[in-house]
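The values are calculated or read from the model by the stated rules, or taken from the named source; none is laboratory data. Quantities reported herein were computed from a predicted structural model and do not represent experimental measurements. Cβ atoms come from the backbone with ideal geometry, glycine included; neighbour counts cover every protein chain shown. We work out accessible area using only protein heavy atoms, side chains counted, and drop any ligands, DNA or RNA first. Shrake-Rupley method; radii C 1.70, N 1.55, O 1.52, S 1.80 Å.
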Amino acid sequence: MAPGSRTPPRRAKGGAPMSIIRKDLGPRPPARLKSKLSVVRPGKAVADLRLELRSGGEFSIFSEAPDDLEPSIDRLANQAIEANPFQSAAFIMTALGRNDAHQRLALIEDTASEAGSLAALMGFAVTDRGSHMVAATADGGYHAPLIARHRPMATIDQLFEALAGSLANLPGIIAFPALLADGAFMRSARAVAAARGLAFRVAGAFRGRALSGRIEPTGALSQGERDAWQDNLGKWETLRKKGRVTYHVARNPREISETLEDLSLLCDTPENANRFSAFVPVARLLSEQDRLRIHTLYLGELLIAAAIQPVHLGAAWVWKVLVRPDMEELAVDEQLMMRLTEFNLGDANIAVTRVAPGTGPFLAERFWPGEDGYASLLVALRPGMERALDSVAASYEEKSA
């Protein structure tokens, strides 16, 4: 079905809508979403909103970190249709703890199964002008929500319905930025939107490299890129004359803690300092679960570049790259990316490496043999919003231009 097309949902005899994805979504009872009072427990975050879903389960929205759900969040991260380390508890808890982020968390809990079993998790924020919601968590990370493998399309259907309800009091358009175009969430969300007769758009398409096999040293480069690469080789020779360049990878809590202390020396600009303060608590939490690598380059004893790389279920994402300001002209970020490439190819725990949409691009990525398509998905959760949806979609096209 073409993006943006609308198909009216089928109707059951009683007039209640019924999804065309019968085996997954099933018929919808005529009962409406009902609000539910949150139980206040000392020291626990209370949901801003809690709803009983008509098809079972509970939908809730938090603006403070629900610490008691942390194990459930990580359990869902391990069982989602699309792995995403940026939606793990380490990122979610840190994002909700920042007063300037205006981040919120939407959850669907499957009350029919074991206590605390989550079916969906989505970090999101409302744009400054209130035109739409944006599904997002870590700055510059990958933003696909977590959806459990059990009846995923039914769960996405519940999520869209709850977000659109009057009790949620949220904008009627939601954007999922820079999704993998062939990813499980993009495919499922588009199918659900079509089944519900919701208008949607796919905007801002772009391509990104993926490392999942042997690199091609020259085949992927244009003549201009070959010239740039030769220039980099000359810069690295100049760097080598300044002292011994060494490469290290920190992965356990002790190594990462030591590396974070060195990283603070790279943050002598306001921009780098803000980025550093944002990822330090995340890095410490991820290191405790063996879900983080910090790749570094040293000139003698001096740290000159670092790459922060979350790893989860075989997928590695290069999230942040920091470079000592007085070394930027010597292409140390590109040298670090080449060292990272060689290391990840030999790491049995990593099946694919990607650069997060908010980072890069790097010339070193051109050696990576794989390629992925990315695009933003925008869905109008309520009818009659096509014109507003087109306006929001146009802004995402401009961002990718």
statement: Between the modelled labels at His102 and Arg207 (7 Å from Cα along Cα→Cβ) the distance in nm is 3.6
- line: In Å², rounded to a whole number, the accessible area per residue of the range 221-368 with probe 1.4 Å is 45
query: What is the distance, in nm, between label points placed 7 Å from the Cα along the Cα-to-Cβ direction at Lys241 and at Ile215?
result: 2.5
query: How much length, in nm to one decimal, is gained on full extension between Glu342 and Val280, taken as 0.36 nm per residue of separation minus their Cα-Cα distance?
result: 19.8 nm
message: Given a 1.4 angstrom probe, I'd like the percentage of the accessible area of the range 238-363 that is carbon and sulfur, rounded to a whole number.
response: 48
field: Potential extension, Val126-Asp67 segment - 0.36 nm per residue separation minus Cα distance
entry: 19.0 nm
- prompt: Roughly how many nanometres apart are two label points built 7 Å out from the Cα toward the Cβ at Ala112 and Arg254?
  reply: 4.9
- request: Rounded, prolate or oblate: pick one for the range 221-368, where a ≥ b ≥ c are the square roots of the eigenvalues of its C-alpha gyration tensor, a/c under 1.5 means rounded, and failing that, prolate if a/b is larger than b/c, else oblate.
  value: oblate
message: Apply the a/c threshold of 1.5 to the C-alpha gyration tensor of the range 48-193 and tell me whether it is rounded, prolate or oblate.
response: rounded
At R0 = 30 Å, FRET efficiency that the Cβ-Cβ distance of Gln230 and Asn349 yields, to 0.05: 0.35
field: Counted charge near Ile92, where neighbours are those whose Cβ lies closer than 11 Å (Asp, Glu -1; Lys, Arg +1)
entry: -2
